[in-house]
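J.: This is the structure I want to talk about, given as structure tokens.
The values are calculated or read from the model by the stated rules, or taken from the named source; none is laboratory data. Since this is a predicted model, take the numbers as computed values, not measurements. We place every Cβ from the backbone using ideal geometry, glycine too, and count neighbours over all the protein chains shown.
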Amino acid sequence: MKKVIIIGAGPAGLTAAYEISKSKEFSCVLIEKSKYVGGMARSVELLGQTVDIGPHRFFSNDTRVNKLWLEVVGKNYQMVDRLTRIFYKGKYFDYPLKPINAFLNLGIKETIFCLLSFFLVKLFPHKRPDTFEGWVTNRFGARLYSIFFKSYTEKLWGIPCENLTSEFAKQRIKNFSLGEAIIAAFNLGKKKHKTLVDQFAYPLFGNGFVYEKMKELYLENGGIIYFDKSIKEIYFDGLHYSINFDDVILKSEFLISSMPITSFLQIFKNSPESIINQSANLKFRNTLLIYVSLENVITFKDQWLYIQDENILSGRVTNFNNWVKTIKNNNGRTVLAFEYWCYDKDYIWNCEETELKKIVQNDLINGNFIKSLNNIVDYAFIKVPMCYPVYDKDYKDSLDNVIIYTKEFKNLHLIGRYGAFKYNNQDHSILMGLLTAKNIAGKEENDLWSINTDYEYHESSTITATGLVNN
């Protein structure tokens, strides 16, 4: 049997491992740095209930991805009515933007200014549409951009929006605009925009159930997993890849890596200094999550909020009461997750838990999420390093050079959000794992680097409460 080694048991790596393990032609070894599967898409038991590492909704129109998800999850899911709004100056704004809701919250004067700003940009477009600021401004006007997009985005990336490329906007906002929002409000559009997803499928036992179940199926197929292992060195001799960890050396004809591409190149002994230097321009953002258990609190009804308010340091807040009842474990309290994005040297990434408690307390009070600090029962903290690839102005040329270099190596596949430096949703990472498995099996020749989050697949379907429905 041909051997395949997969680094990283997140959505992309684990999917590839599971799919390959179905074949009797290959033996699979999965190496994971942590003690769990699912990566950032896992679930954990905290503060008396099941929570995710921030909000993770699953939605795809790709039949291949949906079939795999249902194959793993079975009937252990529920359809959730999506509600995610923008929190700005103490008010809740529908997202995607709905003109009537925005008008009522902003008032007549501010609405007029926003409309004038929108029409003005149609006459005089922003001169830098290749930046996040220019791209969004051209679709919503400068006024709406500053109200609904600027603060959250700069919290997420830690750089000014004029230094962020438009790719993040294209992936997350896609081609949605104020004009399309107005059309959608009056049901004038024939085709619903991808951003306007009303429902999504969610596992009964947390998002991480998908990957725990996938791990079980992988092991039943004869797959091997090494947990809690840090790889020291990788080398390719022209035929085999050698992976060194804990003084153990494994060899394989095929190598799949979903570890951060920068970390991979540093331990890949074939990497010349010039490529390592290029990869230094590829930066990742960290996430710090502060979970707060609250008593006697009835707070917002959304699954999560985008925080556009500058008086709140957090950029996104998740309410796990509003997903499915089964993750609450009969816990009568409310658990909120506050997300803070930072770099390694930032104060919040390095400060003590006593300081973190003060930060989240201020956010709870400033957002009017609680009436008193006495509502707080307990806290929990999770750090996720290197989880968001930063699309700054320097990244594209460096990534292109890295791609050209890595393509020289036979049977090497760099996949997933970290491995391919792509800001994937989990459905997109699952797709990359699927296509990698097909490439290795020799059934297809997919160029994984060319796949983006806005791809269209000819066989379209949607998961519903009764299963898969063709579109």
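J.: Name the strands (runs of 3 or more DSSP E) wholly inside segment 1-110 in which the number of residues that are at pLDDT 95 or above and over 22 Å from Ala181 (Cβ atoms) is 3 or more.
T.: 2-7, 26-31, 43-46, 49-52, 77-81
J.: Right, next: Which members of segment 310-342 meet the condition of being surrounded by fewer than 21 Cβ atoms within 10 Å (Cβ to Cβ) and either part of a loop (DSSP other than H, G, I, E, B) or of a type in the set (Asp, Glu) (or both)?
T.: Glu310, Asn311, Leu313, Val324, Lys328, Asn329, Asn330, Asn331, Gly332, Arg333
J.: Among the residues of segment 206-254 satisfying the criterion of being farther than 23 Å from Gly467 by Cα and basic (Lys, Arg), which is surrounded by the fewest Cβ atoms within 10 Å (Cβ to Cβ)?
T.: Here the residue is Lys232.
J.: Tally the residues that are in contact (Cβ under 8 Å) with a residue 24 or more places away in the chain and closer than 21 Å to Val324 by Cβ, restricting the search to segment 75-110.
T.: So the answer is 10.
J.: Now a separate question. Somewhere in segment 412-427, is a residue touching an Asp or Glu at 6+ places or on another chain (Cβ under 6 Å) and either at negative phi or modelled with pLDDT of 95 or more (or both)?
T.: no
J.: Can you tell me which residue in segment 285-341 is modelled with the highest pLDDT, limited to those that are in contact with an Asp or Glu (Cβ under 6 Å, 6 or more places away or on another chain) and among the charged types (D, E, K, R)?
T.: Result: Arg316.
J.: Those residues that are of a type in the set (A, V, I, L, M) and part of a loop (DSSP other than H, G, I, E, B), I need them from segment 280-302; list them, please.
T.: If the condition is that a residue be of a type in the set (A, V, I, L, M) and part of a loop (DSSP other than H, G, I, E, B), then Ala280, Leu282, Val297, Ile298 are the ones that fit.
J.: Can you tell me which of (1) under 20 Å from the mean Cα position of the chain (by Cα); (2) surrounded by 23 or more Cβ atoms within 10 Å (Cβ to Cβ) is the one Met40 doesn't meet?
T.: Going through (1) under 20 Å from the mean Cα position of the chain (by Cα); (2) surrounded by 23 or more Cβ atoms within 10 Å (Cβ to Cβ) one by one, Met40 breaks only (2).
J.: Shifting gears a bit: Could you tell me whether segment 193-205 includes any residue that is at pLDDT below 80, of a type outside the set (Asp, Glu), within 30 Å of Ser257 (Cβ to Cβ) and surrounded by fewer than 20 Cβ atoms within 10 Å (Cβ to Cβ)?
T.: Within segment 193-205, one or more residues are at pLDDT below 80, of a type outside the set (Asp, Glu), within 30 Å of Ser257 (Cβ to Cβ) and surrounded by fewer than 20 Cβ atoms within 10 Å (Cβ to Cβ).
J.: Would you confirm whether or not segment 130-153 contains a residue that is of a type in the set (Gly, Ala, Ser), at pLDDT 85 or above, over 30 Å from Asp344 (Cβ atoms) and surrounded by 15 or more Cβ atoms within 10 Å (Cβ to Cβ)?
T.: Taking every residue of segment 130-153 in turn, at least one turns out to be of a type in the set (Gly, Ala, Ser), at pLDDT 85 or above, over 30 Å from Asp344 (Cβ atoms) and surrounded by 15 or more Cβ atoms within 10 Å (Cβ to Cβ).
J.: In this structure, does Ser258 turn out to be among the hydroxyl-bearing types (Ser, Thr, Tyr), closer than 30 Å to Met432 by Cα and either touching a Leu at 6+ places or on another chain (Cβ under 9 Å) or touching a residue at least 60 places away in the same chain (Cβ under 8 Å) (or both)?
T.: yes
Residue by residue, here is whether (1) farther than 21 Å from Ser252 by Cβ; (2) free of Cβ contacts under 8 Å to residues at least 40 places away in the same chain; (3) of a type in the set (Gly, Ala, Ser) holds:
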position	(1), (2), (3)
Phe409	no, no, no
Arg417	yes, no, no
Asn439	no, yes, no
Ile463	yes, no, no
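J.: Could you count how many residues in segment 360-394 are part of a helix (DSSP H, G or I) and either polar (S, T, N, Q) or surrounded by 18 or more Cβ atoms within 10 Å (Cβ to Cβ) (or both)?
T.: Adding up the residues that qualify gives 8.
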